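Peer 1: Below: one structure in structure tokens.
The values are calculated or read from the model by the stated rules, or taken from the named source; none is laboratory data. Note that the structure is a prediction, hence the values are computed from the model and not measured. Note: ideal-geometry Cβ built from the backbone for every residue, glycine included; neighbour counts use all protein chains shown. The protein model used for the area step is the full one, side chains on, heavy atoms only, and it has no ligands, DNA or RNA in it. Shrake-Rupley method; radii C 1.70, N 1.55, O 1.52, S 1.80 Å.
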Amino acid sequence: MRHISPKDAAELDALETREWLDSLDYVLQSGGPSKVARLLRHLTDYARENGVKLPFTANTPYINTISADEQALMPGSPDVERRIKSLVRWNAAAMVVRANKAEEGIGGHISTYASAATLYEVGFNHFFRGRGDEVDAGDVIFFQGHAAPGIYARAYLEGRIDETHLENFRRELKAGGGLSSYPHPWLMPDFWEYPTVSMGLGPIMAIYQARFMRYLEDRGLKPKSDAKVWAFLGDGETDEPEALGAITLPARERLDNLIFVINCNLQRLDGPVRGNGQIVQELEAAFRGAGWNVIKVLWGREWDPLLAKDRDGLLVKRMGEIVDGQYQKYAVESGAYVREHFWGVDPRLLEMVKHLSDDQLKKMTLGGHDPIKVYNAYKAAIEHRGAPTVILARTIKGYGLGEAGEGKNITHQQKKMNEDELRAFRTRFGIPVSDTEIGHTPFYRPADDSIETRYMRERRRALGGYVPSRARRSPALPTVSDELFEEFEKGTDGRKASTTMVFVRLLSKLLRDKDIGQLVVPIVPDEARTFGMEALFRQVGIYAHQGQMYEPVDMDTLLYYKEASDGQILEEGITEAGSMSSFIAAGTAYATHGVNTIPFFIYYSMFGFQRIGDLIWAAADSRARGFMLGGTAGRTTLAGEGLQHQDGNSHVFALAYPNCIAYDPAFAYEIAVIIRDGIRRMYIDQESVFYYLTVMNEQYAMPPMPEGAREGILKGLYRFRASSTPDAPLRAQLFGSGAILPEVIKAQEVLQSTYGVGADVWSVTSYGELYRDGQAAERWNMLHPGEAPRVPYVTTCLKDAPGVFVAASDYLKALPNAIDRWLPRPLVALGTDGFGRSEGRASLRDFFEVDHRYVVVAALAALARDGKLDRSVVEQAIKDQGINPEKANPAVS
Ligand SMILES: Cc1ncc(C[n+]2csc(CCOP(=O)(O)OP(=O)(O)O)c2C)c(N)n1
Ligand SMILES: [Mg+2]
């Protein structure tokens, strides 16, 4: 065989490659891209069949997904839009600079919006649909939290807010009103719709919002529309597990109403997102792998002619081999540096740009700063069918800030600009502010009849009104039928039931109700059977957009696993975060979609506040309404499961959520009274509160409702059973909650029969509500020393109650202790501080010292403390009750 030199081999290789490319060119010209795609697919299949190992790649080259010749022309006036964008940039930066002059350290962000301005402005001028007068139309937009200054600046130019608001950015308590740092519907209920600044929550809420929009349409609660859900997020934000953790759902459900726009400025707070890698390529692979339509917007129009000349793919290869940390370096360096280090690696590359000056090289923009590129990406996204779209747009963090921070690692926290920097910024964007004024950083708004203002207003009018904008769009519900709740007030006549069973029965009645049944949205993270809810599968069906495409294995049973396109249950699978996002979508639909949906989210209590507390906080901020049901609750009531399941924490956590009304009900009638009143407050009176109820799986007889208990149930405390020996010399007041209440009732009997103590039993349905009421009274009294003091509800109930006070609950002792100071004498609290154990109920209650025996001993010990009986009685009782006084302290073991 003739010897082939390496040089010959290389030439041969090049020749072969050229021949293949020429053939491909021919097919491309004669058959078009789809024929090429078909051919390539055949080729790869053929190669695989013949043993060629093709490495998997979910990536496409590091160039724009939409090529220059596929681009549509952009409507509107590029010039006017650029001027508007410059003014938004200026005012956004000015409000941060001024706020920090007025009050050092007040904070704010300039560089996030500076990099995202084009991404937002193209949306505002061409895509984001407002709701106008139609209550059920319009897009839902999750704005990136740190970009808020830009969103305010635009609202200012549109004339929606005034200079005082901008002046008081981050100083909301100032006269004339201010602006909240980030999107907070709680603080600006007419403006922001969803909070996003706890990073990662925006994307997951957007996903479930898009799915919920489909749900409303499929169930006929909202007319079908092509409204979109947009989620704007940072590239650094995608490190949060919530940001990417749910991305397979929208692809699976073909949610083409969902668009993510990820601002890939390659930087987060401290430095580069992937200094040694490429965040764009990493995200592309993740999203493509999950089934999304991925549109990369990497290069601005100046790159198009160069790419057109890149016949051998040298430039594309070079673009793809630079890591992000290096790209960031190019952004801060001169054109000469870029020529030397980016282009200079190959003479053929240098040749491509020899006609460009260093200055021109420096000014070549990135895709995310080029309105035409962004417009085309958005257009492709809204036209795409059958899958969600993610747009990966490359930008520079702090774009336009120059020396003040463009592309620098410190830029995220840049809040100040000196006069030189302001002047440079002003000149770069052509803001009509003179050198003499620049020191004051004045806001600038063109006249009402200026071209810019008219243009903005006209665009928003054409697109259905201003965004963001929030309003309560649904009328109040009329009344809710009493009949639904009445049976629960009668008790179960000795039959045992758990509060979970009671709740599920009530839920199933609500679902059947002709007035509100349609509005109920049961949400469950793969736990319906745990709660005995499987009957609902058949009764109302599990929501599945595509219906049921298989024959369920239990088809021949009455309660088979029924999926249906008009199914009502959101069976989310094992995701409390996803379920909570659905709760937020359903709980805010009264504002977002004009539908009063009533979510009931039932889940393993421990995996609620403890696991997804931040999403619950977002629900609270969003003014979401609905019921959260912490199932299998109580540290000692959930037997066997051990320390990761047994919840003795959630009621303490719930206390921190100002508009969350939390109850630990013990009996059927308490649940009925609470839910009935919750529906009244949230959907008839339209209060922005939401409810948390713990329900348990211990079964006991449900008593009838005592006369006059209703008010106390709602306020948090009522006397369940008075002592039958009120004149006994020894007296006690016993508090019980949830499944521990039956223990307390038993203690009442033992105290009376064995120790001659006359005890009253109180059901404490909500320490949280008692605590808030006490705090409110105390605060008012402090501020009104000259007036008759207000008396906390708990004091009103107990001020004349004789004897000692003992409370037992399945939660931390801190909970009962929260109301201690409003009682006439100190409270002894029994609770479940400490880690759970895998054990049976009786052993757990012994371990945590919350069963009836401990209530008895606690009452006797308190009486001895008060000198009402001899200490030897307590010692004897400890022995008689079989308690080991030397046992380990459960709180620390
Ligand atoms: C859950 C959470 N953790 C941390 C922060 C603090 N934080 C605010 S912005 C930021 C960096 C954001 O980077 P990126 O997502 O890339 O956004 P960019 O500003 O670059 O667009 C950090 C760490 C936060 N807001 N939320
Ligand atoms: Mg970033």
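Peer 1: Dipole magnitude of the chain about its Cα centre, charges +1 at Lys/Arg Cβ and -1 at Asp/Glu Cβ only, in debye to the nearest 20?
Peer 2: Working: 103 positive and 117 negative charges, 164 e Å.
The calculated dipole for the chain is roughly 780 debye.
Peer 1: Going highest first, how would you order 247-260, 36-49, 860-873 by mean Cβ packing within 10 Å? Show your work: numbers first, answer last.
Peer 2: On the way: 247-260: 22.0, 36-49: 11.5, 860-873: 16.4.
Descending packing order for the listed peptides: 247-260, 860-873, 36-49.
Peer 1: Now for a separate question. When only DSSP loop residues count, what trypsin sites (Lys or Arg not before Pro) in region 73-174 have their Cβ near at most 12 other Cβ atoms within 10 Å? Don't jump to the answer; show the numbers that get you there.
Peer 2: Details: sites: R82, R83, K85, R89, R98, K101, R129, R131, R154, R160, R170, R171, K174; in loops: R129, R131, R160, R170, R171, K174.
Passing both the DSSP loop test and the Cβ count: no residue.
Peer 1: Which whole-number percentage describes the relative contact order of region 572-709, with Cα contacts under 8 Å and a sequence gap of 6 or more? Walk me through the intermediate numbers first.
Peer 2: On the way: 215 pairs, mean separation 35.7, N = 138.
This gives 26 percent for region 572-709.
Peer 1: So, one more: In debye, nearest 20, what is the charge dipole magnitude of region 1-124 about its Cα centre with +1 on Lys and Arg Cβ and -1 on Asp and Glu Cβ, if you could check?
Peer 2: 380 debye
Peer 1: Which whole-number value in Å² is the accessible area per residue of region 580-668, probe 1.4 Å?
Peer 2: Numbers: 1650 Å² over 89 residues.
Dividing the accessible area of region 580-668 by its residue count gives 19 Å².
Peer 1: May I pose another question? Hey, with R₀ at 60 Å, roughly what FRET efficiency would D448 and D526 work out to, going by the Cβ-Cβ distance, to 0.05?
Peer 2: Values: r = 56 Å, r/R0 = 0.93.
In this case the efficiency is close to 0.60.
Peer 1: Tell me the relative contact order for region 390-525 as a rounded percent, counting alpha carbon contacts under 8 Å between residues six or more apart.
Peer 2: On the way: 59 pairs, mean separation 13.9, N = 136.
It comes to 10 percent, rounded to a whole number.
Peer 1: With axes computed from alpha carbons, what is the tilt in degrees of helix 111-122 against the longest principal axis of the chain, rounded to the nearest 10 within 0 to 90?
Peer 2: In the chain, helix 111-122 runs at an angle near 70 degrees to the longest axis.
Peer 1: Go through K379/K562; K715/K868; K101/K362; K228/K514; K363/K416; K490/K879 and tell me which ones have a Cα-Cα distance over 28 Å in this structure. Mind dumping the intermediate values first?
Peer 2: Values: K379/K562 38 Å; K715/K868 32 Å; K101/K362 33 Å; K228/K514 31 Å; K363/K416 25 Å; K490/K879 40 Å.
Table pairs above 28 Å Cα-Cα are K379/K562; K715/K868; K101/K362; K228/K514; K490/K879.
Peer 1: A further question follows. Using only Cα atoms, tell me the angle between helix 201-218 and the longest principal axis of the chain; keep it within 0 to 90° and round to the nearest 10.
Peer 2: 80 degrees
Peer 1: Please list the three semi-axes, largest first and in whole Å, of the ellipsoid equivalent to region 708-865, using sqrt of 5 times the eigenvalues of its alpha carbon gyration tensor. Let's see the in-between values first.
Peer 2: Numbers: eigenvalues 143, 73, 36 Å².
Each semi-axis is √(5λ); the values are 27, 19, 13 Å.
Peer 1: So, one more: List, largest first, the extents of the alpha carbons of region 9-82 along their principal axes, each in whole Å.
Peer 2: 57, 27, 26
Peer 1: At 0.36 nm per residue, minus the direct Cα-Cα distance, what do T557 and S30 gain on full extension? Give it in nm, one decimal, please.
Peer 2: Working: separation 527, 0.36 × 527 = 189.72 nm, distance 5.88 nm.
Roughly 183.8 nm would be gained on extension.
Peer 1: If you take the beta carbon distance between D870 and A814 as r and set R0 to 30 Å, what does 1/(1 + (r/R0)^6) give as a FRET efficiency, to the nearest 0.05? All intermediate terms of the calculation are to be shown ahead of the outcome.
Peer 2: Numbers: r = 32 Å, r/R0 = 1.05.
E(calc), rounded to 0.05, equals 0.40.
Peer 1: Here's a follow-up. Once the piece of chain linking L15 and D79 is laid out straight, how much longer is it, given 0.36 nm per residue of separation minus the C-alpha distance between them? All intermediate terms of the calculation are to be shown ahead of the outcome.
Peer 2: Working: separation 64, 0.36 × 64 = 23.04 nm, distance 4.77 nm.
Gain on extension, L15 to D79, equals 18.3 nm.
Peer 1: Divide by every residue of the chain the summed helix terms, -39500 (n - 2.57) for each DSSP H run of at least 4, and state the resulting mean residue ellipticity at 222 nm, rounded to the nearest 500 deg cm²/dmol.
Peer 2: On the way: 34 runs with 363 residues, N = 893.
The helix-only estimate for the chain comes to -12000 deg cm²/dmol at 222 nm.
Peer 1: Something else about it: In square nanometres, what is one fourth of the surface area of the convex hull spanned by the alpha carbons of the chain?
Peer 2: Details: hull surface 194.4 nm².
So the mean shadow area of the Cα hull is 48.6 nm².
Peer 1: Taking the full set of protein chains and a 1.4 angstrom probe, give the accessible area of H852 in square angstrom, rounded to the nearest 10.
Peer 2: The accessible area of H852 comes to roughly 30 Å².
Peer 1: Would you mind working out the magnitude of the charge dipole of region 719-781 relative to its Cα centre, with +1 at each Lys and Arg C-beta and -1 at each Asp and Glu C-beta, to the nearest 20 Debye? It would help to have the intermediate numbers written out before the result.
Peer 2: Details: 6 positive and 7 negative charges, 5 e Å.
Charge dipole, region 719-781, about its Cα centre: 20 debye, nearest 20.
Peer 1: Would you work out the Kirkwood radius for region 85-201? I mean one over the mean of 1/r across all pairs of different Cα atoms, in Å.
Peer 2: Numbers: mean 1/r = 0.0685 Å⁻¹.
Across region 85-201, the inverse of the average 1/r is 14.6 Å.
Peer 1: So how exposed is E302, as accessible area in Å² (1.4 Å probe, rounded to 10)?
Peer 2: Rounded to the nearest 10, the figure is 70 Å².
Peer 1: Still on this structure, please answer the following. What whole-number value in Å² describes the accessible area per residue of region 687-736 for a 1.4 Å probe? All intermediate terms of the calculation are to be shown ahead of the outcome.
Peer 2: Working: 2000 Å² over 50 residues.
Result: 40 Å² per residue.
Peer 1: Now, a different point. So, R0 is 22 Å and r is the distance between the beta-carbons of Q326 and R428; what FRET efficiency does that work out to, to 0.05?
Peer 2: Numbers: r = 25 Å, r/R0 = 1.13.
The formula returns an efficiency of 0.30 here.
Peer 1: Using a 1.4 Å probe and ignoring any ligands, DNA or RNA, find the accessible area of K562 and quote it in Å² to the nearest 10.
Peer 2: It works out to around 60 Å².
Peer 1: Still on this model: In degrees between 0 and 90, to the nearest 10, how far off the longest principal axis of the chain does helix 576-587 point, with axes built from Cα atoms?
Peer 2: 90 degrees
Peer 1: Any chance you could get the radius of gyration and Dmax over the Cα atoms of region 673-772, in Å?
Peer 2: Both quantities, over Cα of region 673-772: 15.8, 51 Å.
Peer 1: Heavy atoms only, probe 1.4 angstrom, no DNA, RNA or ligands counted: give me C797, C660 ranked by accessible area, highest first.
Peer 2: Working: C797 40, C660 0 Å².
The ranking, largest first, comes out as C797, C660.
Peer 1: So between R48 and E340, what do we pick up on full extension, going 0.36 nm a residue minus the alpha carbon distance?
Peer 2: Working: separation 292, 0.36 × 292 = 105.12 nm, distance 4.15 nm.
Gain on extension, R48 to E340, equals 101.0 nm.
Peer 1: Next up: Expressed as a whole percentage, what fraction of the accessible surface of the chain belongs to carbon and sulfur atoms when a 1.4 Å probe is rolled over the protein heavy atoms? Don't jump to the answer; show the numbers that get you there.
Peer 2: Details: 19440 of 36870 Å².
C and S fraction of accessible area: 53 percent.
Peer 1: On a C-alpha basis, how far is the centre of region 607-661 from the centre of region 178-248 in Å? Whole number, if you could?
Peer 2: Between the Cα centres of region 607-661 and region 178-248 lies a distance of 22 Å.
Peer 1: Shifting gears a bit: How long are the three semi-axes of the equivalent ellipsoid for region 199-354, computed from the Cα gyration tensor as the root of 5 times each eigenvalue, in whole Å, largest first?
Peer 2: Numbers: eigenvalues 286, 63, 29 Å².
After scaling each eigenvalue by five and taking roots: 38, 18, 12 Å.
Peer 1: Might you tell me the accessible area per residue for region 297-431, computed with a 1.4 Å probe and given in Å²? Could you put the intermediate results ahead of the total?
Peer 2: Working: 5780 Å² over 135 residues.
That works out to 43 Å² per residue.
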